[in-house]
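K.L.:
Mind having a look at this structure? Questions to follow.
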Amino acid sequence: MGIELLGGRILAPFFGSSVHIWGSIITVFMLSLSFGYLIGGKLSTKNVSLTRYGCIFLFAGITVLPITLWSGNIMEAIFISIEDSRYGSLAASMALFFIPTIILGMISPYSVRLLVTDKDKSGQVAGVLYFVSTLGSALGTIITSFYFVLFFEVNAIIFTFSMTLIIFGFIAITFDKLSKTKNENSTGAIHE
């Protein structure tokens, strides 16, 4: 939600901030999240691991990073090519946010699969996860709009989001590798 909210600030210098600009941003985020949920759900049916989960975070962070680096150039090229700000803002939103948001959308269904250990409680696990996710989105929205934008530049905020995702990815991968090493060591000790 923080990135979506900042999307309006990112697009505003080229396309303004009217309702159709926000319509473009929201449409792209909803569309890409729906694809992300679908792909994440499919991915969670095979070889589920914290390493793969961490890789989703890593890829999300890596794909968010270009927003800070090239958004101005991308929007300028689109602004010159597409005269109508409705379609220009839609194209710019697609170019900047579509891929990162697909990958971010993959996190929720994959999280459900990692957390469900008893299929009789899968609905409860999903409910708790979506509660936490939605609450986090609400907090991210209010903190970004009330505080972050007052103290930091948009690119600095996006960069921080990117680095946070990358760090979470490394934490998940490291934790998975450590737990596998611990299991291998304890299994080896039992066999000896």
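K.L.:
On full extension of the chain, what length is gained from K182 through F146, given 0.36 nm per residue of separation minus the C-alpha to C-alpha distance?
P.N.:
On the way: separation 36, 0.36 × 36 = 12.96 nm, distance 4.41 nm.
Using 0.36 nm per residue and subtracting the Cα-Cα distance, I get 8.5 nm.
K.L.:
Over the chain, what lengths in whole Å, largest first, do the semi-axes of the equivalent ellipsoid take, defined as the square roots of 5 times the eigenvalues of the alpha-carbon gyration tensor? Don't skip to the end; give the middle numbers.
P.N.:
Details: eigenvalues 264, 61, 47 Å².
Working through the eigenvalues yields semi-axes of 36, 18, 15 Å.
K.L.:
Can you give me the angle between helix 50-81 and the longest principal axis of the chain, using Cα atoms only, in degrees from 0 to 90, rounded to the nearest 10?
P.N.:
Helix 50-81 sits at roughly 10 degrees to that axis.
K.L.:
Let me ask something else about it. Stretch H20-T117 to full length: gain in nm at 0.36 nm per residue minus the Cα-Cα span?
P.N.:
So the extension gain works out to 30.5 nm.
K.L.:
Also: How would V28, V149 line up from fewest to most surrounding beta-carbon atoms within 10 angstrom?
P.N.:
In order of increasing Cβ crowding within 10 Å: V149, V28.
K.L.:
On to the next question. Express the relative contact order of segment 2-191 as a whole percentage, based on alpha carbon pairs under 8 Å and six or more residues apart in sequence. Please list the in-between numbers first.
P.N.:
Working: 207 pairs, mean separation 71.7, N = 190.
Relative contact order, segment 2-191: 38 percent.
K.L.:
Could you line up I67, I158, I143 from fewest to most neighbouring Cβ atoms inside 10 Å?
P.N.:
Numbers: I67 23, I158 26, I143 13.
Sorted ascending by nearby Cβ count, the order is I143, I67, I158.
K.L.:
For segment 120-146 and segment 21-44, compute the distance between their C-alpha centroids and round to whole Å.
P.N.:
What the calculation gives is 17 Å, centre to centre.
Computed from the coordinates by the stated procedures, all read-outs in this text should not be read as laboratory data. Note that the structure is predicted; figures quoted are calculated from it, not measured. Cβ atoms come from the backbone with ideal geometry, glycine included; neighbour counts cover every protein chain shown.
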